[in-house]
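Undergrad: Before I ask anything, let me first share the structure, which is written out below as structure tokens.
The values are calculated or read from the model by the stated rules, or taken from the named source; none is laboratory data. Nothing here was measured: the structure is a model prediction, and the numbers come from that model. So basically every Cβ, Gly included, is an ideal-geometry build from the backbone, and we count neighbours across all protein chains shown. With ligands, DNA and RNA removed, areas are computed over all heavy atoms of the protein, side chains included. Shrake-Rupley method; radii C 1.70, N 1.55, O 1.52, S 1.80 Å.
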Amino acid sequence: MQSEPEVTVRLRFAPSPTGYPHLGNIRTALFNWLFARHHNGKFILRIEDTDVTRRVEGAVETILDSLRWLGLNWDEGPYFQSQRLPIYREIVHKLLDEGQVYLCYCSPQRLEKMRQEQIKRKQPPKYDRRCRDLTQRERTQLEAMGVTPVIRFKTPLAGETTFLDLIHGLVTFKNDTLDDFILLKSDGYPTYHLANVIDDHLMAISHVLRADEWLSSTPRHVLLYQALNWQAPQFAHLPMILGPDRAKLSKRHGATTITEYQKQGYLADAMVNFLALLGWSLDDHTELLSREDLIKHFSLERVGKTAAIFNKDKLEWMNGVYLRALSLGEFVQQAMPFLDRDLPETVKRPLDNDYVSQVLSLIQERAKTLADVPQLASFFFDDVQYDAGLLLSKKRDAKSAAKAMTIASQKLEEITTWDATTIEDVLRPLATKLNLSTGELFGLLRIAITGRTAAPPLFQTMAILGKGKCLERINKALQLLSGLC
Ligand code: GLU
């Protein structure tokens, strides 16, 4: 027997291009995408760009780039609400003919004055409905004065509006707490409420997953659906994301825009895994979930009601895990743009792929982000600069350091097969002869060769750098030491 086809599941991500997408926005996109993919449904992208005053240059491109980077592919769109204005106007005029909405001529000055007075009286600011019951004569008079009206919804004055939220359960709002909200602004653009409801209906959206902050808009939407005689989609309001101090998430917590994380060298897969756990969980312990796992297991039952806490350390840890899980080839491919971007200009481009691959085999274990790679690997590509004093230690004065390096250099010079094992075989016995611990000797050579006290394994590093470069750097260190003797 064939199984019943699932009800068409259609979700949408509906960002407003009023800024660059941050963690919260993209977490919403991800949950919609996961829900759609889990149910073999469709994921639709809709740009809600009806607030002309708040549009931000480049925001749309950044939204698309962020989604593409994370692999949140969409099946339809992007639709732009600004290109659909006639649709909203036609529908709102139908409501006007039916008397479900009304023209409001109140000036912004009057509304502002009213608002201030309400605040003074400690009342919630709400439109006083002055234009709701204007007579035809009054209306004609106002129109003759050349006032461009807005269109407001006739919210029921009494009663309640209840809807089922798939995360919060039944939610009820008293209608007298909702005001006669605007549907069409005087510039002819629809408000969020109007365009959102019309598009969700016309685009046959089955589930609306959006941030908690929209919960208070939902009763207005439900009333609109009723007025239009349309069936409302199912709603699910996703928990907020807060910082570890439970304050609103901000830069201070290490939170930033999605494209910034990309620039900082986080992997898309790590980011997806991390974001998925901001408000959803598989169980009480599983942290690492591939995209396929997430699609397979995602469900609203396991989305929390309470705020999710953003933890930057966890993101870094997760990114490290994902970086180490890459094959060397994948790691090179991911890291190459970062080397290109951040290595000093003096380093010759294009970088040699084989050489980069050898170098990165030593770096992969050590990088927390791809942006760490150029810094961790720079001495493989560029001359080393360090302070001569670094070559000295409690047990190594300039003289003994110079002696050790002179002998090491002679021994290294004699090597004909330049590989890590041979280098080690030559250097290890030398420490005893020089009366130095191996740590002291190798530490010294490490500084000479890499300019740092901490670097990848010394012999492998030397093998990759090549004999010529190593001897050259030891010589340079000797010159620095001669200045201290
Ligand atoms: N345009 C709204 C936003 O920027 C969409 C909210 C919703 O999903 O209904 O988040």
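Undergrad: Return yes when Gly77 is closer than 19 Å to Phe153 by Cβ, open to solvent by less than 50 Å² (accessible area, probe 1.4 Å) and not in a helix (DSSP H, G or I) and no when it is not.
TA: For Gly77, the condition - closer than 19 Å to Phe153 by Cβ, open to solvent by less than 50 Å² (accessible area, probe 1.4 Å) and not in a helix (DSSP H, G or I) - is not met.
Undergrad: Further question: Within the bounds of segment 374-397, is there any residue that is at negative phi, part of a helix (DSSP H, G or I), in contact (Cβ under 8 Å) with a residue 24 or more places away in the chain and basic (Lys, Arg)?
TA: no
Undergrad: May I pose another question? Say whether the condition of being out of contact with any Cys (no Cβ under 9 Å at 6 or more places or on another chain) and within 18 Å of Phe35 (Cβ to Cβ) is met by at least one residue in segment 217-228.
TA: The answer is yes, given that some residue of segment 217-228 is out of contact with any Cys (no Cβ under 9 Å at 6 or more places or on another chain) and within 18 Å of Phe35 (Cβ to Cβ).
Undergrad: In segment 382-408, which residues are over 23 Å from Val359 (Cβ atoms) and not hydrophobic (A, V, I, L, M, F, W, C)?
TA: Asp387, Gly389, Ser393, Lys394, Lys395, Arg396, Asp397, Lys399, Ser400, Lys403, Thr406
Undergrad: Additional query: Among the residues that make up segment 217-231, is at least one of them within 16 Å of the ligand (Cβ to nearest atom), part of a loop (DSSP other than H, G, I, E, B) and closer than 30 Å to Leu157 by Cα?
TA: Scanning segment 217-231 turns up at least one residue that is within 16 Å of the ligand (Cβ to nearest atom), part of a loop (DSSP other than H, G, I, E, B) and closer than 30 Å to Leu157 by Cα.
Undergrad: Right, next: Quick one: how many residues across segment 73-84 are within 19 Å of the chain's Cα centre (by Cα) and either at pLDDT below 95 or within 16 Å of the ligand (Cβ to nearest atom) (or both)?
TA: Looking only at that region, the number is 1.
A quick yes/no check of all residues on (1) of a type in the set (D, E, K, R); (2) under 21 Å from Leu183 (Cα atoms); (3) in contact (Cβ under 8 Å) with a residue 24 or more places away in the chain; (4) near the ligand (Cβ under 10 Å from one of its atoms):
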| residue | (1), (2), (3), (4) |
| --- | --- |
| Val9 | no, no, yes, no |
| Pro17 | no, yes, yes, yes |
| Arg27 | yes, no, yes, no |
| Asn32 | no, no, yes, yes |
| His39 | no, no, yes, no |
| Glu48 | yes, yes, yes, yes |
| Asp51 | yes, yes, yes, yes |
| Glu61 | yes, no, no, no |
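Undergrad: Let me ask something else about it. Could you list, in sequence order, the residues of segment 260-286 that are buried (at least 17 other Cβ atoms within 10 Å of the Cβ) and assigned to a helix (DSSP H, G or I)?
TA: Answer for segment 260-286, where residues must be buried (at least 17 other Cβ atoms within 10 Å of the Cβ) and assigned to a helix (DSSP H, G or I): Tyr261, Gln262, Ala268, Asp269, Ala270, Met271, Val272, Asn273, Phe274, Leu275, Ala276.
Undergrad: If a residue has to be over 29 Å from Asp372 (Cα atoms) and exposed (fewer than 13 other Cβ atoms within 10 Å of the Cβ) to count, how many in segment 306-317 make the cut?
TA: Residues flagged as over 29 Å from Asp372 (Cα atoms) and exposed (fewer than 13 other Cβ atoms within 10 Å of the Cβ) within segment 306-317 amount to 1.
Undergrad: State which residue is surrounded by the most Cβ atoms within 10 Å (Cβ to Cβ) when the search covers only segment 104-122 and only residues that are of a type in the set (A, V, I, L, M, F, W, C) and under 30 Å from Gln226 (Cα atoms).
TA: My answer is Cys104.
Undergrad: Please verify whether Glu90 is part of a helix (DSSP H, G or I), open to solvent by 70 Å² or more (accessible area, probe 1.4 Å), of a type in the set (Asp, Glu) and more than 14 Å from the ligand (Cβ to nearest atom), treating the condition exactly as stated.
TA: Spelling it out, Glu90 is indeed part of a helix (DSSP H, G or I), open to solvent by 70 Å² or more (accessible area, probe 1.4 Å), of a type in the set (Asp, Glu) and more than 14 Å from the ligand (Cβ to nearest atom).
Undergrad: Quick one: Gly468 ticks every box in (1) touching a Leu at 6+ places or on another chain (Cβ under 7 Å); (2) in a helix (DSSP H, G or I); (3) open to solvent by less than 60 Å² (accessible area, probe 1.4 Å); (4) under 25 Å from Ser357 (Cα atoms) bar one, so which box is it?
TA: (1)
Undergrad: Kindly check whether there is at least one residue in segment 413-432 that is modelled with pLDDT of 95 or more, out of contact with any helix residue (DSSP H, G or I) (no Cβ under 9 Å at 6 or more places or on another chain) and part of a loop (DSSP other than H, G, I, E, B).
TA: yes
Undergrad: To continue, here is another question. Go through segment 188-200 and give me each residue that's open to solvent by 10 Å² or more (accessible area, probe 1.4 Å) and either within 13 Å of the ligand (Cβ to nearest atom) or of a type in the set (S, T, N, Q) (or both).
TA: Thr191, Tyr192, His193
Undergrad: Suppose we filter Val150, Val101 for residues that are touching a Leu at 6+ places or on another chain (Cβ under 9 Å), surrounded by 15 or more Cβ atoms within 10 Å (Cβ to Cβ) and in contact (Cβ under 8 Å) with a residue 60 or more places away in the chain; which single one remains?
TA: One residue alone meets the criteria, Val101.
Undergrad: If you don't mind, there's one more thing I want to ask. Write out, first by first residue and then by second, each pair whose Cβ atoms fall under 7 Å of each other, whose residues are 6+ apart or on separate chains, and whose first residue, in segment 210-223, is closer than 13 Å to Ala236 by Cα and of a type in the set (Asp, Glu) while the second is within 11 Å of the ligand (Cβ to nearest atom) and at pLDDT 95 or above.
TA: Asp212/His237; Asp212/Leu238
Undergrad: Let me ask something else. Inspect all residues belonging to segment 287-301 and state whether any of them is open to solvent by 50 Å² or more (accessible area, probe 1.4 Å) and among the hydrophobic types (A, V, I, L, M, F, W, C).
TA: yes
Undergrad: Here is a follow-up. Of the conditions (1) modelled with pLDDT of 95 or more; (2) more than 25 Å from the chain's Cα centre (by Cα), Asn196 fails just one. Which one is it?
TA: The one condition Asn196 does not meet is (2).
Undergrad: Okay, moving on. Tally up the residues in segment 352-370 that are open to solvent by 30 Å² or more (accessible area, probe 1.4 Å) and either among the hydrophobic types (A, V, I, L, M, F, W, C) or not in a helix (DSSP H, G or I) (or both), please.
TA: Qualifying residue count for the region: 2.
Undergrad: So which residues in segment 204-216 are of a type in the set (A, V, I, L, M), more than 14 Å from Leu178 (Cα to Cα) and more than 9 Å from the ligand (Cβ to nearest atom), if there are any at all?
TA: Once the filter is applied, which keeps residues that are of a type in the set (A, V, I, L, M), more than 14 Å from Leu178 (Cα to Cα) and more than 9 Å from the ligand (Cβ to nearest atom), segment 204-216 yields Ala204, Ile205.
Undergrad: Being modelled with pLDDT of 95 or more, surrounded by 15 or more Cβ atoms within 10 Å (Cβ to Cβ) and over 25 Å from the mean Cα position of the chain (by Cα) is true for just one of Leu95, Leu45, Leu70. Which residue is that?
TA: None of the other options fit; the residue is Leu95.
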